[in-house]
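Working notes, structure below.
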Amino acid sequence: MEVEGIRVQLKKYHQDHLLNFWEELTDLEKKELTDDIFNVDLAETNSYFERANASLKNNNKLLDDEMKPIDSDRCGVLNECSEEQLRGYEDRGLREIAEGRAAVVLMAGGQGTRLGVTYPKGMYDVGLPSRKTLFQLQAERIRRLESMAEETCGKRGVITWYILTSEATDKTTNEFLNRHNYFGLEKENVKTFKQCMIPCYDFDGKILLDDKHKISRAPDGNGGLYRALHQSGVLDDMRNRGIRSVHAHSVDNILIKVADPYFVGYCLDKGADCGVLVVEKTEPTEAVGVVCQVDGLYRVVEYSEIPKATSELRRPDGRLLFNAGNVCNHYFTVDFLVRISECHEKDLDLHLAKKKIPFVDERGERQVPATPNGIKVEKFVFDVFKYSSNFAAWEVPRESHFSPLKNSDSAGQDCPATAKRDVLALHKKWLLNAGVKSVLGEVEVSPLRSYMGENLNDLSGVIQGPRVVE
């Protein structure tokens, strides 16, 4: 198509400014810009901006009477289960693994910018005695879990590890995994796939230019998972492998129990097509969304959407009424993911965020703004809850399941120091429960030795750190 034909199409959607510097471009740059434009569905892109604006107005409305807690028969609580119940859930989860029907989807598209590094967050080392990165810890938990399933069921199954990357992290992630031989996992059972990119806009809905010949784009958020699963062929791969249960989680939780057999087993027991793992929210002001019902449908309500009085409501036992804290930890059946990708993905809610986005101004000069100048549109992974026909929630103790790594140590919370502290505290508890008399200093338990405190009964006496129990 000649440039005038492209201009006509762009003008139809009020985006013809993208050709403002056409005459200044080299032939190669013209081709790059043309390819960039052809890769944008202009009708969909314009609708994204409009829908995100509408969603923002809707989200700014505080919710109150429409909210209800999760139905008690839909929310299991790990600490309230009998040993018999937990054994039942664990056996079901391990059998799913032994039969090769379980997979893990790791959402790892983010860079460690807030941590002060420029590489993918999964490559971060918080300073444990082993110096293992998040990627290594999670890969070794997969290996241990496969062994546990074999010991329990007498059959060796594979947990396929699917890793969602982004344009910024894909190459580095693949090189890192390859360099470390996938931390003992078979290469054919580790598959990366990239999330999609969405154009960035100014406040009037005009697509920004990152360069005179390049459209400004940003990842489409963790809710872009569903489109990426379909477009990359990962859903087909899951079906070809006979996978049924998928555990999806973000990379930055250092305590994550990948393919948690209790969680997977509980969801299987409930016949759930979509499940969420939650931790108890104990303070009304904690900046975490809560899982609840709104107009009869399950969803996550952000803390800013809940009126103060509602956030402070308590149950007869003193716990918050809305206490199911969302920690980006989910269960899906493959059938549910297929249904989302085929029937609902284009209708997912869109969320608008005002950001500082580098751009090319009307003079052709690239600007790096000091204040928000544009809009990024994102999808959230939990916005599929409302499409579930059989939803389930599983509540776990925060101290053994959730310690996010988001900030540098200067923040004092959700940082490398707190992540390291929480891992070592949990491992000390495991060792003392196993019969060790005393744990001194920094003692870490290798994921290859123990997944959740098992396989430690041969230890005794005093264990002095720094040490890794292999």
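Quick look at the values:
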| read-out | value |
| --- | --- |
| Amide H partners (placed H, <5 Å) of residue 313, local residues excluded | 321 |
| Sparse-neighbour loop sites [GluC sites (Glu not before Pro); segment 155-215; at most 16 other C-beta within 10 Å; DSSP] | 167, 186 |
| Hull volume in cubic angstrom per residue (convex hull over the Cα atoms of the chain) | 164 |
| Cut-off under 5 Å, modelled amide H: who pairs with residue 192 long-range | 163 |
| Förster-model FRET efficiency, 41 Å R0, residue 81 and residue 47, C-beta, rounded to 0.05 | 0.35 |
| Kirkwood estimate for segment 1-155, i.e. one over the average of 1/r between Cα atoms, Å | 22.4 |
| Under-5 Å amide H pairs with residue 215, H placed in peptide plane, nonlocal only | 210 |
| Set of aspartates and glutamates with alpha-carbon distance to residue 420 below 20 Å, sequence-local pairs under 8 removed | 125, 140, 252, 399, 409, 442, 444, 470 |
| Note, ³J(HN,Hα) from phi for segment 327-342, Karplus 6.51, -1.76, 1.60, rounded to Hz, x at Gly and Pro | 10, 6, 9, 9, 10, 9, 7, 4, 4, 5, 5, 5, 5, 4, 5, 8 |
| On Cα atoms only, tilt of 416-433 relative to the major axis of the chain in degrees | 20 |
| Those trypsin sites (Lys or Arg not before Pro) in segment 298-382 that DSSP places in a loop and that have at most 14 other beta carbons within 10 Å | 319, 356, 363 |
| Cα→Cβ-extended label distance, 7 Å offset, between residue 237 and residue 302, nm | 3.2 |
| Dimensionless Rg over Rh [segment 85-130; C-alpha; Kirkwood] | 1.23 |
| Contour excess over end-to-end distance, with Cα ends at residue 317 and residue 16 and 0.36 nm allotted per residue | 102.3 nm |
| MRE, 222 nm, helices only [DSSP H, n ≥ 4, -39500 (n - 2.57), over the chain, to nearest 500] | -9000 deg cm²/dmol |
| Where only alpha carbons of segment 369-438 are counted, the Rg and the Dmax (Å) | 19.2, 59 |
| Ranked packing of 424-437, 17-30, most packed first, by mean Cβ within 10 Å | 424-437, 17-30 |
| Inter-centroid distance (Cα atoms) of segment 398-470 relative to segment 298-317, Å | 33 |
| Acute angle (nearest 10 degrees) that the helix 3-12 long axis makes with the longest principal axis of the chain, alpha-carbon atoms | 70 |
| Sparse-neighbourhood loop sites, chymotrypsin sites (Phe, Trp or Tyr not before Pro) in segment 200-298 - DSSP loop, at most 16 other Cβ within 10 angstrom | 203 |
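Throughout, read-outs are computed from the coordinates displayed, never taken from laboratory work. This is a predicted model, so every value here is computed, not measured. Note: ideal-geometry Cβ built from the backbone for every residue, glycine included; neighbour counts use all protein chains shown.
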